[in-house]
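Report on the following structure.
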Amino acid sequence: MSKVIITAAISGAEVTKEMNPAVPYTVEEFVREAKSAVDAGAAIIHLHVRWDDGTPTQDKGRYAEIIEAIRQECPDVIIQPSTGGATGMSSEERLQPTELNIEMASLDCGTLNFGGDEIFINTENMIIEFAERMNSKNIKPELECFEKGHVDLALRLHKKGYIKGPLHFNFVLGVNGGMTATPRDLLFLVESIPQDASFTVSGMGSRQLTMNVMAMLLGGHVRVGFEDNLMMERGVLAQSNGELVARIARIARELNLTVATPDEARQILGMKQRN
Ligand code: KMH
Ligand code: ZN
């Protein structure tokens, strides 16, 4: 039976408690949200951290504190810190979590508009620098692609040896400035990557569910969580990240897929086992 990896992006850098009171800010809230997601079937936690007042930070010490606390409750889960951080952060700031003992991180593969006046900057040289940092620390990159040009750049940098295989993409669709979260655009992206690459799909807002289902039909993996979507349905807030994970895990099982454990996810993604 095919396996599907569920990633939970539990916090993000843009969503706030005003939008959904369950968005985590404190260490205890991060643990609560991570545990709810893992208990429901998440194998990977994509992690942005905050200070207690909700301010997004890439501070190494804050990551260490929150990762350690999550590990106490969820010892096996793959923790994937963000190196995207929030728009406007410098490369040095964003790279801080790679100084910790982590096994995976996001690697953003191109620049894009990010709504209003925001620009999410990832120049070619930045991507090379981030990739080389991850290579040197044996950190598995998840290739975040918000549009097709990002996929092409990632493939070019792979060919040049900067991004190591096996390649694992995350197609992030529906951001204001990136590709739309439509079946046509997702299919175009899936058909643009090598046969032996794996992919996960993130859709914004209500498109989280539709893009997740399509990803599974195409043999891919899924990302849910507050970073991309705060609602179960129109007008109904998700009570926890776990609620979003539980729904996609149920749908996966109904599609005759098995939800991957963290160790199975490591195997699928070509990562070292933890112990
Ligand atoms: N917060 C966005 C500006 C990542 O985590 O690598 C970038 C982001 C991507 O979320
Ligand atoms: Zn992120």
Residue hits (the range 1-23; within 14 Å of ligand 2 (Cβ to nearest atom) and either over 11 Å from R223 (Cβ atoms) or outside any strand (DSSP E or B) (or both)) are I10, S11, G12, A13, E14, V15, V23
What number of residues in the range 5-39 are away from ligand 1 (no atom under 16 Å from the Cβ), among the β-branched types (V, I, T) and surrounded by fewer than 22 Cβ atoms within 10 Å (Cβ to Cβ)?
3
Out of the range 84-97, which residues are more than 6 Å from ligand 1 (Cβ to nearest atom), in a loop (DSSP other than H, G, I, E, B) and closer than 17 Å to L143 by Cβ?
G85
Any hit, the range 83-104, residues being more than 21 Å from Y63 (Cβ to Cβ) and crowded, with 18+ Cβ neighbours inside 10 Å:
no
Might you let me know whether the range 40-50 holds any residue that is open to solvent by 20 Å² or more (accessible area, probe 1.4 Å) and either out of contact with any helix residue (DSSP H, G or I) (no Cβ under 6 Å at 6 or more places or on another chain) or more than 24 Å from T200 (Cβ to Cβ) (or both)?
no
For residues that are outside any helix (DSSP H, G or I) and open to solvent by 30 Å² or more (accessible area, probe 1.4 Å), scanning just the range 230-251, find the one that is nearest to A34 (Cα to Cα).
Q239
Is it true that some residue in the range 252-267 is open to solvent by 10 Å² or more (accessible area, probe 1.4 Å), assigned to a strand (DSSP E or B) and farther than 29 Å from E129 by Cβ?
yes
Which of (1) over 17 Å from the mean Cα position of the chain (by Cα); (2) open to solvent by 20 Å² or more (accessible area, probe 1.4 Å) is the odd one out, the single condition V213 does not satisfy?
(1)
Tell me whether the range 158-173 contains one or more residues that are farther than 30 Å from E132 by Cβ and at pLDDT 95 or above.
no
Checked pairs for the range 46-57, first within 11 Å of V27 (Cβ to Cβ), second part of a loop (DSSP other than H, G, I, E, B), C-beta under 7 Å and 6 or more apart or across chains, list as R50/S11; R50/Y25; D52/Y25; D52/T26
Within the group E93, E68, E33, E73, which residue is within 16 Å of ligand 2 (Cβ to nearest atom), free of Cβ contacts under 8 Å to residues at least 60 places away in the same chain and of a type in the set (D, E, K, R)?
E93
Being within 16 Å of ligand 2 (Cβ to nearest atom), in contact (Cβ under 8 Å) with a residue 12 or more places away in the chain and open to solvent by 20 Å² or more (accessible area, probe 1.4 Å) is true for just one of F130, F114. Which residue is that?
F114
Of all residues in the range 145-163, count the ones that are crowded, with 23+ Cβ neighbours inside 10 Å and out of contact with any Cys (no Cβ under 6 Å at 6 or more places or on another chain).
2
If you take the residues of the range 196-210 that are surrounded by fewer than 22 Cβ atoms within 10 Å (Cβ to Cβ) and either at pLDDT below 95 or of a type in the set (G, A, S) (or both), which of them is farthest from A37 (Cα to Cα)?
A197
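The values are calculated or read from the model by the stated rules, or taken from the named source; none is laboratory data. All values derive from a computational prediction rather than experimental measurement. For neighbour counting, all protein chains shown are included, and Cβ atoms are generated from backbone atoms with ideal geometry for every residue, glycine included. Each accessible area value is taken on the protein alone, full model and side chains, heavy atoms only, with ligands, DNA and RNA left out. Shrake-Rupley method; radii C 1.70, N 1.55, O 1.52, S 1.80 Å.
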